[in-house]
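Shown next, in structure tokens, is the structure this report addresses.
Laboratory data are not the source of any read-out in this text; all were calculated from the coordinates shown. Everything quoted here is computed from the prediction, not taken from an experiment. Note that each Cβ is placed from the backbone with ideal geometry, even for glycine, and that neighbours are counted across all protein chains shown.
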Amino acid sequence: MAPSITSNVSPLKSENEDKKIIDFKSLHEEAIVPKEFIWPSEDLVEGSKEELNVPIIDLEATFNGDDVALASTAEIVREACMKHGFFLVTNHGVDENLINDTYQEFVSLFKLPLSRKLSAMGSPWGYSGAHASRFSTSLPWKEIFTFQYKHYDESETQIVDFFTSILGDDHQHAGLVLQKYCEAMKKLSGVILELLAISLGVDREHYKKFFEDAESMMRCNSYPPCSGLNVGTLGTGPHCDPTSVTLLFQDQVGGLEAFVDNKWLAIRPQPNTYVINIGDTFKALTNGIYKSCLHRVLANKEMDRKTLAFFLCPKKDKTVRAPDNILGRQESRNYPDFTWSQLFEFTQKKHRADPNTLPDFVSWLNSNQSNN
């Protein structure tokens, strides 16, 4: 691990070898950017002034019983996912008040004293400041709070129990709100999976059945303002999501960019829409037909940005394998069988998520199998 800054006045300090407390507010006010937050020049290439052409799918109109409209929408989704893996959905059925309540619960959480947030620090679940417990260089300018949501767990207090266990009984209400939000994401992800199946020409229930016992991740990202932007910070560095499908609700601050046609293009926030993007695991579930797109998040000099990210993941021991005859094409398999737990462990212990996570994982997996 790179040595941490040890000055008594430094907002970045180590409690021990595994935990660092990062006071982003002090860093911003003092215009301090520790060297750990500086990214390589190749990751800092300025984005284009253009925006990514992301289709907006009206889910209510799509599933209104009009087969012609459904086929047309599936074609639009297919084209977007084969090119870059991003599309937006509106009329998604998630209550706007629930979204706002969830957002406010996380605002309150990130305002907690550092000592309280440290008590909830964990990997992979709980609080993390800039992933500093896992990485020592190229740290993202963000705080996150992550927890698991098991789709098959019928307990109405699954998330409540987690929150009270790490933050105390005064966070029971937060757990209740987030339980409802995850239930809404479970429902919405089922609709998205049905649309993706139709777009791929497989049985429309195929992916819904595959993910019916999913073990997903819910994460709130908080991107504090950074007055030292000009020295090379990023909210999140370039990467492809190793998970299956991401359902992202972003506020109106902006900063999300996708790398398409050899340039960085902004994905502009749209009111009351979800950004849907394909991850590496779902790419494998389509035999590579759908793209897991490289993306990043820019830091902002003045404004705080928060996003709600629901990462759909298979049950950890479920075998990831594409169905035969996708889009009516019989092709040789591009990926060996693997489980989500294998890929997740790879990204937690051996490989930082980046543009090459999936091919590097496949190489590692094949190497291990050949040595056994």
Using alpha carbons only, how many degrees (0 to 90, rounded to 10) separate the axis of helix 357-371 from the longest principal axis of the chain? 80
Let a ≥ b ≥ c be the square roots of the eigenvalues of the Cα gyration tensor of the stretch 43-371; is it rounded (a/c under 1.5), or, if not, prolate (a/b larger than b/c) or oblate? rounded
Residue order, fewest to most beta carbons within 10 Å, for R204, R116, R296: R116, R204, R296
First select every other residue whose beta carbon is under 13 angstrom from the beta carbon of D43; then total the charges, Lys and Arg +1, Asp and Glu -1. -2
Separation of the S367 and E30 label points, Cα + 7 Å toward Cβ, nm: 4.1
Over 24 Å between Cα atoms, which of K25/K301; K150/K283; K186/K306; K83/K263; K306/K349 qualify? K306/K349
Put +1 on the Cβ of each Lys and Arg and -1 on the Cβ of each Asp and Glu in the stretch 43-371; which of H239, N53, G279 then has its Cα farthest toward the positive end of the dipole? H239
Alpha-carbon Rg with Dmax, taken over the stretch 50-90, Å: 10.7, 36
With contacts defined as alpha carbon pairs under 8 Å and 6 or more residues apart, what's the relative contact order of the chain in percent? 20
Under 19 Å from K117, Cα to Cα: aspartates and glutamates that are on another chain or at least 8 residues apart: E15, E17, D18, D23, E105, E143, D161, D169, D170, D304
Return the long-range amide H neighbours of D58 (sequence gap of 5 or more, or a different chain), with a cut-off of under 5 Å between placed amide H atoms. T90
Quick check on the stretch 263-315: take the gyration tensor over C-alpha atoms, sort the square-rooted eigenvalues as a ≥ b ≥ c, and tell me if it's rounded (a/c under 1.5), prolate or oblate. prolate
From the C-alpha gyration tensor of the stretch 105-173, pull out the three semi-axes of the equivalent ellipsoid (sqrt of 5λ each), sorted largest to smallest, in whole Å. 23, 15, 9
Which translational diffusion coefficient, to the nearest whole µm²/s, is obtained for the stretch 217-372 from the Stokes-Einstein equation, given a Kirkwood hydrodynamic radius over C-alpha pairs, 25 °C and 0.890 mPa s? 145
Given q = 0.17 Å⁻¹, what are the Debye log10 I(q)/I(0) values for the stretch 71-120, with equal point scatterers placed on the Cα positions and solvent ignored? -0.71
Provide the per-residue ³J(HN,Hα) series for the stretch 319-332, in order, calculated from phi with Karplus coefficients 6.51, -1.76, 1.60 and θ = phi - 60°, each as a whole number of Hz, with x at glycine and proline positions. 6, 8, 8, 6, x, 6, 6, 5, 6, x, 10, 8, 10, 5
On a 0 to 90 degree scale, rounded to 10, what angle separates helix 96-110 from the longest Cα axis of the chain? 30
